[in-house]
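The values are calculated or read from the model by the stated rules, or taken from the named source; none is laboratory data. Source: prediction; values computed, not measured. Every residue, glycine as well, gets a Cβ built from its backbone with ideal geometry; the counts of neighbours run over all protein chains shown.
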């Protein structure tokens, strides 16, 4: 009896262990349609529902295809696990760079028509092409989502015109004065729970990319311009006193709550949260504010971009299947029925012709979109940087954080990060 | 029963025994041993996400040169140096106090003191994140009552690590307390009676009888506390992301970052192995110096 029980137990364990090792078959569902596995991560609440409608329409319009939508958490782990298990989805919203092995992706360059190539432009094509010449992302949108956002009601109460600031821009001194005017005993002028990221953005915009994009690779953030950025931002707490040091001890969602309670007039956040903040804070209008100029220099924003990756399947599903996947990718990359999902975070279509067609509609009633569009058109794509730049960015953010917390001065921060960057380059 | 029959029965029972433990061994091999061996191989053969073949000690050298490694090691050691003694002594005194209570009161006390253990580290970290809120948090409210000015806690490099340590020290000692209580129950009452007759007070009894006789339990608690404190991760990840700067970066947080943020498989596995070697080394030293006269 004992032995039978033991054999049964071992058999069950073995079955469960080896059940994953099944022979991989073609992805065709029971109705003989080509199955396309499609993963998205929600950038705002309700995005999943919008994708459900898109997928439903596509499935109805393309009876030979069945797109299976999965809304995944904003976490790379499911994708990593799927790749390790050699069962990746066909299409995924892919915000990685070329960190994953090059052979994980299908090369999309062959599917780019000459018209599309011209529409996207060489900068975007180059951005989505890895060092081995493989195009690993199909362009979907361009964006810059991290901005200063201001409570329009409080700004106007203080006699300020946020739309004028949007149109004319402002200097660093104007920005500080605005913060002082909108603050009182119970309200702070400015808050930023992600200072290292903001300083990083300003450094990119005012001192150039962290390293040179051509050889010999040089570190660019040991300059006076970089020191001015670090010093000015740190002074918001310690000299100008428009930002409380306490804000370093909360996260961005804690800052949102305080913004909703009108304890801050201007914060640095992501613009995808604007509708939510307006509703919960009972704010009639939140304005996206341009980054203030420093030393008479405008902050030249890096334009981010997002796209879709098509992962290589094992075994291969065949060229016909891949063409259907690409067709789906091209479909979801364009505005659909007058809607463009990334517009929720002020993303614009990556294709120039789509932008020209869609932008007037987007900017019609919303000065925020007009501001973002203006900066995106004048900005430049975040350049492809050597791998060492990622480590350098980490180092800069580390010392920025120490400087903002008061542990070191701005000068010490710049000296330390320059020293570490020098070691990496040597 | 003749010898061959007895041997046959023994063999059948032995086979049954092996089959019963087989699932555990299979699970151990698949989910512990294999990943361990693979990690060792990865630390010597991977750069980034690519297998590049034998790279020798390149990844290990890179670890030691990394600007964030030594601060992470330092933070981990400081954290352990405070949390481990707290994990040894606080539950001991709690257990000693609980033993003085009536049985009914003991039940309530044990339940209350064990309750925090039921919460996950993530939930505890989130709650303490609110407690440490520099604007409206409970901690600043409490210290304000005794005249201490409000602190930034998690946003200040000077207080962030202290904040995490304080959380760990106060968070819960329920399971260690229960271990001590169980061990105290095994000490013969005659010893305490003799001590009472000799005029020993509560502290003298605790110090000269209870503590020495709990040595095996203390050794176990010490080893387990060191192992868990050296692997501290959740508070650093949830509450501070290792910051401000590197003020709360721990070794395991650094491993996580290198693996899942920077996809440096070779470096992350090298760091993990270094940590494993250190923990094993400390455990062996503990056994060597503190377990010599421990009997189980």
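Counting only residues that are in a helix (DSSP H, G or I), more than 14 Å from chain B (Cβ to nearest Cβ) and touching a residue at least 40 places away in the same chain (Cβ under 8 Å), how many does region A:212-232 have?
Of the residues in region A:212-232, 7 are in a helix (DSSP H, G or I), more than 14 Å from chain B (Cβ to nearest Cβ) and touching a residue at least 40 places away in the same chain (Cβ under 8 Å).
Go through region B:199-289 and tell me which helices (runs of 4 or more DSSP H), entirely inside it, have 3 or more residues that are outside the structural domain of residue B:166 (by TED's automatic domain parsing).
none
Under the condition of being part of a helix (DSSP H, G or I), free of Cβ contacts under 8 Å to residues at least 40 places away in the same chain and within 14 Å of chain B (Cβ to nearest Cβ), which residue from region A:36-82 is nearest to residue A:336 (Cα to Cα)?
Here the answer is A:78.
Taking the criterion of being more than 9 Å from chain A (Cβ to nearest Cβ), buried (at least 16 other Cβ atoms within 10 Å of the Cβ), on the phi < 0 side of the Ramachandran plot and within 31 Å of the chain's Cα centre (by Cα), would at least one residue in region B:19-40 satisfy it?
yes
Residue under question is residue A:330, and the condition is that it be away from every other protein chain (no Cβ under 14 Å), in contact (Cβ under 8 Å) with a residue 60 or more places away in the chain and outside any loop (DSSP other than H, G, I, E, B); does it hold?
Against the criterion (away from every other protein chain (no Cβ under 14 Å), in contact (Cβ under 8 Å) with a residue 60 or more places away in the chain and outside any loop (DSSP other than H, G, I, E, B)), residue A:330 qualifies.
Identify, from the list A:371, A:322, the residue that is surrounded by 15 or more Cβ atoms within 10 Å (Cβ to Cβ) and either touching a strand residue (DSSP E or B) at 6+ places or on another chain (Cβ under 7 Å) or at positive phi (or both).
Selected residue: A:371, the only one of A:371, A:322 that is surrounded by 15 or more Cβ atoms within 10 Å (Cβ to Cβ) and either touching a strand residue (DSSP E or B) at 6+ places or on another chain (Cβ under 7 Å) or at positive phi (or both).
Picking from A:271, A:266, which residue would you name as being in contact with a strand residue (DSSP E or B) (Cβ under 9 Å, 6 or more places away or on another chain), at pLDDT below 90, more than 14 Å from chain B (Cβ to nearest Cβ) and buried (at least 22 other Cβ atoms within 10 Å of the Cβ)?
Criteria check complete, one pass: A:271.
Quick one: would you say residue A:99 is at pLDDT 85 or above and either more than 30 Å from residue A:170 (Cβ to Cβ) or exposed (fewer than 15 other Cβ atoms within 10 Å of the Cβ) (or both)?
no
With the condition being within 14 Å of chain A (Cβ to nearest Cβ), I'd like the helices (runs of 4 or more DSSP H) fully within region B:64-162 carrying at least 3 qualifying residues.
The qualifying helices (runs of 4 or more DSSP H) are B:69-99, B:121-131, B:138-145.
Checking the condition within 14 Å of chain B (Cβ to nearest Cβ) and in contact with a strand residue (DSSP E or B) (Cβ under 8 Å, 6 or more places away or on another chain), which residue from A:388, A:396 passes?
Just one listed residue meets the conditions, A:388.
For region A:233-247, indicate whether the set of residues that are touching a helix residue (DSSP H, G or I) at 6+ places or on another chain (Cβ under 9 Å), assigned to a strand (DSSP E or B) and away from chain B (no Cβ under 14 Å) is non-empty.
No, region A:233-247 has no match at all.
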